[in-house]
Amino acid sequence: MKNFKLVSAFSLWAVSASCAFATTVGFSQVGSESGWRTSFSEAVKAEAKQRGIDLKFADAQQKQENQIKAVRSFIAQGVDAIIIAPVVETGWKPVLKEAKRARIPVVIVDRNINVDDDSLYLTRIATDFTEEGRKIGEWLMDKTQGNCDIAELQGTVGATAAIDRATGFNAVIANYPNAKIVRSQTGEFTRAKGKEVMEGFLKAQNGQALCAVWAHNDEMALGAVQAIKEAGLKPGKDILIVSVDGVPDYFKAMADGDANATVEYSPHMGGPAFDAIDAFIKGNKEQSKWVSTTGEVFTQETAAAEYEKRRLR
Ligand code: GYE
């Protein structure tokens, strides 16, 4: 009897001790529109598991209203921290104020938010999207000596990744009088929509040549590759293909000669996001507002080797 009491007292202590240290984090993800996004979600889940974090994952299916609902439910559940990968930039202030009132730190990952009060979030982990657009624009201008009629597949309207990638790219081509965007439409970051929009572009061109497709992500670029092939043209040769992300499928397309260049954006942002939360819990309440990640341009030359590395990850 005595022994039994001792054991049960110990297990009670063990349970409460482990509860006291388990951090609960709510994560509102954009959706699963692209291979890049899926890798990102998987990476965050794996990182949480490894750190013993109880992760509450919510897929917003590309709708901000779903994100706002998810964040409110995280607040109601009393999570220790919230991570948001926002669909669009605007409309975040009210719900962020609610989180602040509940003293729950919010970490923004990937796309940005547009708020005038930066005390509403702890930090943001992301790359510089303008820089990505600039890098790929420079690669294309180099390749074509600045002579290029470009078709642009834009990302989701209102998303930082679409706005800033376009800004960076346009700033570069503005220096080349013979380079211009002749067609531009959103393909919503998905392969299916990228293909559909590209089909429309080719029809509208009515046989007039295009020099390049500039897609705001690999997934839409891959859709465009399909559309170009179906139209009897050779993507990667007749029409150059450039984009951003660096997903395995796109490396495969580059290795096959169907695509030309991409800027890699690492989806491994869970680690730095959890580090920021951990630091907050340990007392570091004021953190730098942007932890930036960077990525380089990849081309056909190294694509086969890079594909091998990535497909096994
Ligand atoms: O490029 C795309 C995704 O926000 C940077 O969203 C991200 C973009 C990424 O669906 O593949």
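Rule-based calculations on the coordinates, nothing more; no lab input. Not measured: the values here are computed from a predicted model. Cβ sites come from the backbone with ideal geometry, for glycine too, and all protein chains shown count toward neighbours.
Observations
- Build a GNM of the chain with springs between Cα atoms under 10 Å apart, and of 118, 110, 245 the one that fluctuates most is 118.
- Amide hydrogen neighbours beyond the local backbone of residue 181, cut-off 5 Å, H modeled: 150
- Remark on residue 259: its backbone amide H falls under 5 Å from those of 254, a criterion applied only to residues 5 or more positions apart or on other chains, H modelled at 1.01 Å from N.
- A cut-off of 5 Å between modelled amide H atoms, ignoring neighbours fewer than 5 places along the same chain, links residue 186 with 154.
- Using the average count of surrounding beta-carbon atoms within 10 Å as a protection proxy, the listed peptides 282-289, 166-173 rank, highest first, as 166-173, 282-289.
- Across the alpha-carbon set of the stretch 34-161, the Rg to Rh ratio works out to 1.05, Rh being the Kirkwood radius.
- Using distinct alpha-carbon pairs, which all enter the 1/r mean, Kirkwood radius of the stretch 177-305 in Å: 16.3 Å
- At R0 = 51 Å, FRET efficiency that the Cβ-Cβ distance of residue 312 and residue 174 yields, to 0.05: 0.80
- For a straight C-alpha distance cut-off of 21 angstrom, the lysines reachable from residue 289 (same-chain residues fewer than eight places away being disregarded) are 93, 97, 100.
- Within a Gaussian network of the chain (alpha carbon springs, distance under 10 Å), most fluctuating of 231, 99, 85: 231
- Rounded D (µm²/s) - the chain, Kirkwood Rh over Cα pairs, Stokes-Einstein at 10 °C, 1.306 mPa s: 76 µm²/s
- Peptides 49-59, 196-206 ranked from most to least packed, by the mean per-residue count of other Cβ atoms within 10 Å: 196-206, 49-59.
- Sorting 184, 28 from the fewest to the most surrounding beta carbons within 10 angstrom yields 184, 28.
- Taking all pairs of distinct alpha-carbon atoms in the stretch 93-167, Kirkwood radius in angstrom: 14.7 Å
- With 26 Å as the limit on Cα-Cα distance, the pairs of 135/285; 193/229; 193/309 that go past it are 135/285; 193/309.
- When the chain is treated as a Gaussian network with alpha carbon springs shorter than 10 Å, the biggest mean-square fluctuation among 256, 117, 218 belongs to 117.
- Cβ-defined net charge surrounding residue 24, 11 Å radius [Lys, Arg +1; Asp, Glu -1]: -1
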